Amino acid sequence: MIQAIKIHNDDNVAVAVGSQGLRAGEILESEGLKLIDDVPQGHKIALTDIPSGAPVIRYGVTIARAKDLIPAGSWVKEALVEIPPSPALDELVYKQPQEKKMEPLEGYTFMGFRNPDRSVGTRNILGISTTVQCVSGVVNHVVKVLKEKHLSSYPHVDDVVALNHSYGCGVAYNADDAFIPIRSVKNLTLNPNLGGEVMMVGLGCEKLEMKHLEAFLQTVDALPQERVSSLILQNEELKGFQSMVDALVRQGIEHLERLNKRRREECPLSDLVIGVQCGGSDAFSGLTANPSIGYAVDLLVRAGGTALFSEVTEVRDAAPVLASRCADKETFETLKKELDWYDSYLKRGGADRSANTTPGNKQGGLVNIVEKAMGSVVKSGSMNISGVLGPGERVSGKGLIFAATPASDFVCGTCQLASGISLQIFSTGRGTPYNLPIAPVVKLSSRRDLSQRWYDLVDLDTGDIAWGEAGIEETGWKLFHLIIEVASGRKPAAEALGLYNDLVIFNPAPIT
C-alpha cells in the first residue's frame, strides 16, 4: 500500500495518501522514516530535517521556506513556513523554445454543430443575452415559458438559457478597465454553442446600452443580421409585464425555429475549443487530476484542437516555466503584459497572489499559493503556448492558449465562455457542483474518497493514480475519449442534473 508520494527526486517532502492519513510512530517504508506527528491525508511529511530558512521543496521547486527547524517525520503545515517572493517579470528573457517532437494525432472527429462563422458548438442552445441585471426577472420568466410550453416542439434544441449577469448599470462605462466586462458581454453572445442566434434584452436606461451591442454585432463577419433580435423593456409600446413576455416569447420562437433546423455533423477535432480549470483544489490535484488533464490537452493539441488554460494567480509563480514555452516573442511579451496587469490590479486592491488560497485548499494540504500554482499549471500539459488572450477576449488561433482570467471558478468560466470554449474540463479535490450554463463541464475528482462520496457529480475519478492502480497516460487517454463523447452530445453529471452557476462578469473598473 502506498503511504505517501514524493513527486521529484529533489523533493524533501512527501504527501500522505491514505484517507485516514498517517499516524505518529508509523514507519514510512519508502524512506525508512519514523513519523513524529500525525499527518492528515494530502498533507506533507518532512523527509529530512529542514533547517530554519531552508527551502521546502515539492515538484522539484521551492514552495516555501522553513521559519524554524522542521525535523524529519514532522507534519509540514502552513504555520511552520514562509511564502517566497513571486518571480520577477522583468527578469524573464525570451528564448526560442525547442520544438516538441510529438506525432500529430490524425483521424479523430466529433459530432458537432457547425456555425455560420465556421466555429463548431457541442450544444445547440438558445441563449437570451442581457445588457443589465434589471431585466433578469423578466428573462427568467420568459425562459421558463419557452421551456415549459414550447421547447418540446423543437427536439433538436438542447436548452433555453438566460445569460444573466450583474454588469450594465451604475458602471463607469468609459473607465480604463471597463473594456474588459464590455468585451466579455459582447463576446458571450457569440459563443459557439448558441448557434449564431443572438437574442438580447435590455432595460433602456443602463450604461451598457443596447446600441453598443448592436453596433458590435454588425461588425462580426459571417453573422447574418436576421439572426439578431433585441428588445428594450422600457419601450412605450410595451404595456405591462405580459406584453413584455409575449414579445420575448415571439422572438424566442423565431430563434428556436432556426436552431431546430441544425443537425450534428462529423467535424475534425481541430474544430473543438475547450477550457480547463480547477476549483476546490487539494494536494492531490497536482498529483492525479491536473496531470491527467494536461496529458489530454497534449492529445487534443496534437489532433489540431484548441485548449485554453487560465487562472492568473494560480500560474503566476510558474511564470518562468510559461515564458519558456511561449512559441514566439509576441506571445512572450503578451504573457508578461497580462501577468503584470494582474499584479497591478491586485496591488490596487491591497492584495497579492497569496490571497488566492482558500481555507479548503489548506485543509486539503496546500500550504500556500506557490504549491497550489505548481499543481495547477500542469493542467496545461507540455506543448508550447501559441497565444495569449486578455480576459473575455475571443479566441482566434489554434493550439494551447493562455487566457488571462481571475482564478475564481465562476469568473474564469464566464471569461472562457466569452473567449469561445464549447466544453470545459474541471478538476476538484474538495468537491464542487459547479457547472456552466451554456457549455458542458466534465468534472474530475483528484481523490477516490471524493468520487465515492459524490458518485453522481463526478464524471471521472483520477484517485487511482495515487494508489498506483492507474497511470497518468492511461487516465489522460480515458479523459481524451470522454471529451470527444461529451462534445458529441453525451451529458456529463452536472448537465444531466440540470445544475449550473450564474455568469459572473469580471469587472475591474469602478462602479458608480
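Overview of values
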quantity: Selected residue (criterion: nearest to the chain's Cα centre (by Cα)) from residues of segment 83-119 that are of a type in the set (S, T, N, Q) and within 30 Å of residue 220 (Cβ to Cβ); calculated: 119
quantity: Pair list, Cβ < 7 Å and 6+ apart or interchain, from segment 292-304 residues that are assigned by TED's automatic domain parsing to the domain that holds residue 377 to residues that are among the polar types (S, T, N, Q) and part of a helix (DSSP H, G or I); calculated: 292/475; 294/380; 297/380; 303/270; 304/270
quantity: Residue match in segment 7-18 (condition: touching a residue at least 60 places away in the same chain (Cβ under 8 Å), in contact with a Phe, Trp or Tyr (Cβ under 6 Å, 6 or more places away or on another chain) and not charged (D, E, K, R)); calculated: yes
quantity: Check on residue 282, of a type in the set (D, E, K, R), buried (at least 16 other Cβ atoms within 10 Å of the Cβ), out of contact with any Pro (no Cβ under 6 Å at 6 or more places or on another chain) and within 30 Å of residue 19 (Cβ to Cβ); calculated: yes
quantity: Output for segment 459-493, where each listed residue is closer than 19 Å to residue 278 by Cα and in a loop (DSSP other than H, G, I, E, B); calculated: 459, 462, 466, 492
quantity: Any hit, segment 404-425, residues being farther than 23 Å from residue 115 by Cα, assigned to a strand (DSSP E or B) and touching a residue at least 40 places away in the same chain (Cβ under 8 Å); calculated: no
quantity: Residue 207 being outside any strand (DSSP E or B) and over 21 Å from residue 173 (Cα atoms); calculated: no
quantity: Members of segment 33-63 found to be of a type in the set (D, E, K, R) and surrounded by 20 or more Cβ atoms within 10 Å (Cβ to Cβ), listed by number; calculated: 44, 58
quantity: Residue among 381, 365, 375 that is more than 20 Å from the chain's Cα centre (by Cα), within 23 Å of residue 57 (Cα to Cα), surrounded by 22 or more Cβ atoms within 10 Å (Cβ to Cβ) and in contact (Cβ under 8 Å) with a residue 24 or more places away in the chain; calculated: 365
quantity: Restricting segment 157-171 to residues that are within 26 Å of residue 124 (Cα to Cα) and of a type in the set (Gly, Ala, Ser), the residue that is modelled with the lowest pLDDT; calculated: 166
quantity: Residues located in segment 237-261, provided they are under 16 Å from residue 161 (Cα atoms) and among the polar types (S, T, N, Q); calculated: 251, 260
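The values are calculated or read from the model by the stated rules, or taken from the named source; none is laboratory data. It should be emphasised that the depicted structure is a prediction, and the values quoted were computed from it without experimental measurement. Neighbour counts are summed over all protein chains in view; Cβ atoms, including those assigned to glycine, are modelled from backbone coordinates with ideal geometry.
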